[in-house]
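Participant: Dropping the structure in here first, questions after.
The values are calculated or read from the model by the stated rules, or taken from the named source; none is laboratory data. Small disclaimer: the values here were computed from a predicted structure and weren't measured. Cβ coordinates were reconstructed from backbone atoms using ideal geometry, including for glycine residues, and neighbour counts include every protein chain displayed. Accessible surface is based on the protein model in full, side chains and every heavy atom, while ligands, DNA and RNA are left aside. Shrake-Rupley method; radii C 1.70, N 1.55, O 1.52, S 1.80 Å.
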Amino acid sequence: MPDTPSRSRRSGLPKWLKVTIITALVLANIAVLGFIWIVQTGNALFGGAQTDDEVTGALDPSSGDALTFVIVGSDTREGLDNLDNFGTVSGARGDVVMLVRVDPNTSTAQMLSIPRDLYVDIEGHGQNRINAAYTFGGPSLLVETLKRELDVEINHYVEVDFVGFQALVDEVGGISIDFPYAARDSKSGLDIEAGSQTLNGAQALAYARSRHYQEYQDGDWVSIEANDIGRTQRQQEVVRAILSQLKNPSSIAEAGSIASTMGQHMTIDSNLASTSVASLVWDFKGVLTGPVVGATLPTEGRTIDGRSVVVADEPEASAMLANFRAGVPLAETPLRLEVLNGNGADGAAGEMSRTLEDLGFRVESVGNAGTDSYAQTTVIVPEGSEDGERITSALGFGVVQFGAVDNGIDAVVIVGSDAS
């Protein structure tokens with residue numbers, strides 16, 4: 001009987017590898033579909049929004065990869081069904097002002113609330129609360145005032161009115177807020193029982209607008225953070241609750257409807273309107289799923305010309321703004337610096353000290369370096385420290401060098417010829 005040729009067995013892929021490949025393909029398809037969904041949602045949002053060509057001229061081109069948005073909540077009463085708790089003020093003001101910085105390199109988003117009673121210089125109108133800039137000159141004057149007074153770069157403008165805010169909360173099915181005690185504000189119309197409550201649009205707006213917030217504790221109504229600062233903190237709490245709700249599966253399924261509704265009550269700058277949503281989503285894909293870190297600009301209360309206002313609390317306010325510009329944690333304490341004259345010019349160290357303090361750093365001592373031949377401003381920090389990058393980034397020039405620094409000092413800044 002002739003030998004039967006042996007049939008060679010086909011070598012197959014291991015089962016674990018097949019499962020891995022199939023899983024990767026499934027996840028890739030989900031990612032692609034998710035990307036397409038986000039793009040379509042963004043197109044619906046931008047496509048339905050009004051555009052403001054004038055404010056575009058007041059905005060800055062981006063100086064790097066990060067983008068800074070100013071988010072304005074307009075207090076226009078137009079479209080509201082019930083005006084019982086909205087006063088008699090006509091027109092519109094910037095009732096909510098927030099700066100939001102998104103950085104694709106670190107996948108972070110920072111939210112800095114600006115109290116609406118912040119007392120500032122408004123070009124052509126003297127000194128007033130910052131929200132009055134919107135009343136005097138609309139979005140453009142508000143943006144110009146923010147840029148000048150806070151020394152921040154602003155790349156895009158987004159405005160939402162009261163009706164749009166209410167509609168957004170209602171579209172996502174309400175937001176969940178925990179109340180340790182029953183709460184009320186007769187001015188804003190807030191009236192909530194204690195416990196975890198799901199607020200509808202009208203209730204969420206009353207909570208976000210509350211400046212006379214009270215809690216029912218031990219049989220009495222007690223005022224709790226019943227001021228503009230407490231109000232900004234409540235606004236940030238509401239924003240986080242909305243963002244959390246938007247990530248729910250039910251909200252994701254209704255994203256197109258939510259975006260269309262929101263767009264009807266939104267105004268954006270014309271550059272943002274013409275931006276490729278696909279490109280924007282791709283560049284900031286890491287930010288979309290990350291946390292949003294928030295803070296309120298440090299201020300202190302004053303009475304000026306009979307008006308109750310707030311002014312920047314220094315040096316904490318400048319330090320927070322410097323952190324915001326650099327994209328580092330907002331609540332960090334100011335860096336402690338020693339400034340030395342390294343270029344031989346009279347008063348160079350003193351002038352650099354004033355610049356650094358204006359940027360939010362704390363200068364502990366001033367002196368002369370061992371030589372005056374430094375061509376570049378040199379920042380000396382301990383090995384592995386990232387503080388040097390913060391300082392040179394804030395200054396816009398200089399080099400970082402690792403070395404020893406004295407106790408009680410975070411960095412030594414040696415002023416070079418490039419600072420003159």
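Participant: I'm checking my understanding of the structure. Among residues of segment 150-199 that are in a loop (DSSP other than H, G, I, E, B) and of a type in the set (S, T, N, Q), which one is farthest from GLY327 (Cα to Cα)?
Facilitator: SER186
Participant: Out of SER373, SER385, SER420, report the one residue that is within 32 Å of the chain's Cα centre (by Cα) and not hydrophobic (A, V, I, L, M, F, W, C). Quick ask: steps written out before the conclusion?
Facilitator: Values: SER373 fails: within 32 Å of the chain's Cα centre (by Cα); SER420 fails: within 32 Å of the chain's Cα centre (by Cα).
Every option except SER385 fails the conditions.
Participant: Condition check: touching a Ser or Thr at 6+ places or on another chain (Cβ under 6 Å), over 30 Å from ASP220 (Cα atoms), at pLDDT 90 or above and open to solvent by 50 Å² or more (accessible area, probe 1.4 Å). Does GLU153 satisfy that?
Facilitator: Judged against the criteria, GLU153 is a match.
Participant: Which numbered condition in (1) assigned to a loop (DSSP other than H, G, I, E, B); (2) touching a residue at least 40 places away in the same chain (Cβ under 8 Å); (3) open to solvent by 70 Å² or more (accessible area, probe 1.4 Å) is the only one that SER373 fails?
Facilitator: Tallying (1) assigned to a loop (DSSP other than H, G, I, E, B); (2) touching a residue at least 40 places away in the same chain (Cβ under 8 Å); (3) open to solvent by 70 Å² or more (accessible area, probe 1.4 Å), SER373 fails exactly one: (2).
Participant: Could you please find all residues in segment 381-418 being in contact (Cβ under 8 Å) with a residue 60 or more places away in the chain, touching a Leu at 6+ places or on another chain (Cβ under 8 Å) and not in a strand (DSSP E or B)?
Facilitator: ARG390, ALA394, ILE409, ASP410 - these are the residues of segment 381-418 that are in contact (Cβ under 8 Å) with a residue 60 or more places away in the chain, touching a Leu at 6+ places or on another chain (Cβ under 8 Å) and not in a strand (DSSP E or B).
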